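S.K.: First the structure, which I've put down as structure tokens, then a few questions once you've had a look.
The values are calculated or read from the model by the stated rules, or taken from the named source; none is laboratory data. Computed from a predicted structure; not experimentally measured. Every residue, glycine among them, receives a Cβ derived from its backbone with ideal geometry; neighbour counts consider all protein chains shown.
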Amino acid sequence: MNENKKNKVIEINNNELMVYTPYNIGFVEELKATIANRKWNAEKKCWIVGIENEPIIRKLLKNWFGWDDTCKQVKIKIRAKEEICSENINFNGVCVAYSPKRDRAYMANGTVISGKLAGAGSVKYPKAVIAEGTVIELTVPSSLMNDDVYFEIIDTNNAINKSSLMKIAWRIARALAIELVISVKNCLSAAMKIAWQEVRG
């Protein structure tokens, strides 16, 4: 599967939509409950629905992932701020890892660069565990370029998150303000000299 299909995207094939998404159990359950005429393509790892369901699909994508395939995608690296233990581990709504059964855990989106992903919990309540400091590379919409509760962005591959953008903007604004003050002072000094000369003349 290519990089685009690891992340949410819609493809049109004749009168059908091929819907590729990161794993999210909530999305799957609502898709099944909402669209009767749907099928899972195990070979291509996508949902196939009638093209008449496109508005419903886009609404589900917005509800569960916060975006659809019209959003710009960027590749980032994130680091776990602490040990994370949950059935589904998310980064800003995108499922990163999940555990379908005890002692089993899988990446839903992205790749572990360093650190550890493991399965834990019980038969009834399986858990995925990501160790503190684990680094994961994944692709997300540019609108999700923000740290969340459990992960911090450490590499944006030339994409800038909103927090970094604000810091850069603040530095520029401060520099401009300093230059403006200096400029005003110079103008005032020149004006005072001219006024003084006129008064004396």
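S.K.: Taking strands (runs of 3 or more DSSP E) that do not extend beyond the stretch 102-188, which have at least 1 residues that are among the charged types (D, E, K, R) and modelled with pLDDT of 75 or more?
M.R.: 104-107, 126-130, 135-141, 151-155
S.K.: On to the next question. Let me spell it out: the conditions are (1) within 22 Å of residue 64 (Cβ to Cβ); (2) over 23 Å from the mean Cα position of the chain (by Cα), and residue 122 meets all of them except one. Which number is the exception?
M.R.: Only one criterion in (1) within 22 Å of residue 64 (Cβ to Cβ); (2) over 23 Å from the mean Cα position of the chain (by Cα) is unmet by residue 122, namely (1).
S.K.: Restricting to the stretch 107-120, count the residues that are touching a residue at least 24 places away in the same chain (Cβ under 8 Å) and surrounded by fewer than 16 Cβ atoms within 10 Å (Cβ to Cβ).
M.R.: 4
S.K.: Just to verify a result, which residue in the stretch 58-101, among those that are hydrophobic (A, V, I, L, M, F, W, C) and assigned to a loop (DSSP other than H, G, I, E, B), is surrounded by the most Cβ atoms within 10 Å (Cβ to Cβ)?
M.R.: Applying the filter and picking the extreme gives 67.
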